[in-house]
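Heads up: the structure comes next, in structure tokens.
The values are calculated or read from the model by the stated rules, or taken from the named source; none is laboratory data. Fair warning: this is a prediction, and the values are worked out from it, not measured in the lab. Here the Cβ is made from the backbone with ideal geometry for all residues, glycine too, and neighbour counts use every protein chain on show.
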Amino acid sequence: MKNNRLLCFVAVFLICLTHGYAKSRIFFKNTKGESAKYGQPGDPNIKYFGRWDFSDPGQFMSYWGGAYIKVNFSGTSVKIKIGNKSNYYAKIDGGPWISYLNAEGVVDLTPVPLAAGEHTLSVAQGKDYNYVFSFEGLLLDNGAKTMAPVVSSNLIEYIGDSITTGYTDAQADVSDYAWICSENLNCEHTQIAYPGINLVSGYSSNGMSEQYFKQRSLAYLDSKAWDFAAYTPKLIVINLGTNDTNHKIPDFLFQSVYLEFLTKIRNKFPTAEIFVMKTFSGTKATATMGAVNSRNKLGDNKIHYVDTSGWLNVKDDFNDSAHPNVKGHLKAAALLQGVLAPYIRNTNGPGQVK
């Protein structure tokens, strides 16, 4: 009997010891997990700008061009894990944008190691017609960590077509007038734009009058609705009409849809200043101005018509008959900056975060 009691005591002791060791290991694993969160998609130090889908914790997705992330990190190297082949652009410590074309998988952003210390990182995505940014995380040095970056409290949302995506330019979205203007104003920004898109639906595919209200770009006609509570822009800039002219959409219909579009945007963002640009080519100018005037007559004085006459020269500032070259985008950005600057407070604060 004594032997049986002794055996039971030993068994219980071993079980308790084993259980305690297991608990210790689990705790150690969780502790390591807390450390390992640095660089993962859910890392709160990584800030996301654009329309992002956070539903998959292992892979955050955006489907509009010009979506980007910002983060600070320590160490001497950083790599990014991306789940789809596309063009990506990275900037470290305020340097130039470096292009990673048709990149996928694990991409080394520091083939030449950095000096030890804290660094800033921005990564953007944009390839003509392929605007899927599948972010799966960052890989850092052993013992390195991330820190929250400085972000602006001012956010500008741009709505447009290929002209607003930097179509035909080597670095696409990060070289277009929308991006450059925002950066010069020290503002965060989004680009809800797609090549070939009309304002008016039904003439080739969905127009921006429908697609703007969806989570994904024109490549996803069955996209679910966008949650407009995700972020609130201070300013909204719209540049549409070129493709409506190409598809011979009547001016009366264009103006009517534009007026309805502006009304819907106002309902989503009651306090935003909205700037409606005359297309650089001048097409649909009268109808565009008519829609703005109609909103003004209804008492909405925060909608402004931007006359771009003379901003760009067809001979020097375009890659083709419609799309600005790098020089043209720089000129347009500088001129638009002058229009928007009075409406911007130069302060920094919380940006869009998950």
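Return yes when Thr164 is closer than 29 Å to Leu262 by Cβ, touching a residue at least 60 places away in the same chain (Cβ under 8 Å) and surrounded by 19 or more Cβ atoms within 10 Å (Cβ to Cβ) and no when it is not.
For Thr164, the condition - closer than 29 Å to Leu262 by Cβ, touching a residue at least 60 places away in the same chain (Cβ under 8 Å) and surrounded by 19 or more Cβ atoms within 10 Å (Cβ to Cβ) - is met.
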Checklist entry - (1) surrounded by fewer than 19 Cβ atoms within 10 Å (Cβ to Cβ); (2) touching a strand residue (DSSP E or B) at 6+ places or on another chain (Cβ under 9 Å); (3) touching a residue at least 60 places away in the same chain (Cβ under 8 Å): which one isn't true of Tyr129, the others all being true? => result (2)
Checklist outcome for this item: Residue count, the range 169-184, condition touching a Ser or Thr at 6+ places or on another chain (Cβ under 8 Å), farther than 20 Å from Ser209 by Cβ and of a type outside the set (Phe, Trp, Tyr), comes to 6
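Does Asn198 fit the bill of being of a type in the set (S, T, N, Q), crowded, with 21+ Cβ neighbours inside 10 Å and part of a loop (DSSP other than H, G, I, E, B)? Steps first, please.
Numbers: of a type in the set (S, T, N, Q): yes; crowded, with 21+ Cβ neighbours inside 10 Å: yes; part of a loop (DSSP other than H, G, I, E, B): yes.
It is true that Asn198 is of a type in the set (S, T, N, Q), crowded, with 21+ Cβ neighbours inside 10 Å and part of a loop (DSSP other than H, G, I, E, B).
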Checklist entry - Would you pick out the residues in the range 47-74 that are crowded, with 20+ Cβ neighbours inside 10 Å and not in a strand (DSSP E or B)? => result Gly50, Arg51, Tyr63, Trp64, Gly65, Gly66, Ala67
Next on the checklist: Can you pull out every residue in the range 284-301 that is surrounded by fewer than 19 Cβ atoms within 10 Å (Cβ to Cβ) and not in a helix (DSSP H, G or I)?
Outcome noted: Leu298, Gly299, Asp300, Asn301
Item to check | Unique residue being touching a strand residue (DSSP E or B) at 6+ places or on another chain (Cβ under 8 Å) and farther than 21 Å from Asn198 by Cα when the list is Val292, Val339, Val276, Val306 | outcome: Val339
Item to check | the range 225-271 - residue that is aromatic (Phe, Trp, Tyr) and out of contact with any helix residue (DSSP H, G or I) (no Cβ under 6 Å at 6 or more places or on another chain) and, of those, farthest from Gly299 (Cα to Cα) | outcome: Trp226
Next on the checklist: Quick test for you: out of Gly160, Gly137, Gly117, Gly143, pick the one residue that is closer than 30 Å to Lys214 by Cα and assigned by TED's automatic domain parsing to the domain that holds Phe54.
Outcome noted: Gly137
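Taking the criterion of being in a loop (DSSP other than H, G, I, E, B) and touching an Asp or Glu at 6+ places or on another chain (Cβ under 9 Å), would at least one residue in the range 258-271 satisfy it?
yes
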Item to check | Residue identified as small (Gly, Ala, Ser), in a loop (DSSP other than H, G, I, E, B) and modelled with pLDDT under 95 among Ala144, Ala170 | outcome: Ala170
Item to check | Enumeration of residues in the range 118-141 that are modelled with pLDDT under 95, over 20 Å from Ile180 (Cα atoms) and in a loop (DSSP other than H, G, I, E, B) | outcome: Tyr129
Next on the checklist: All but one of (1) in contact (Cβ under 8 Å) with a residue 12 or more places away in the chain; (2) assigned to a loop (DSSP other than H, G, I, E, B); (3) surrounded by fewer than 18 Cβ atoms within 10 Å (Cβ to Cβ) hold for Pro96; state the number of the condition that does not hold.
Outcome noted: (1)
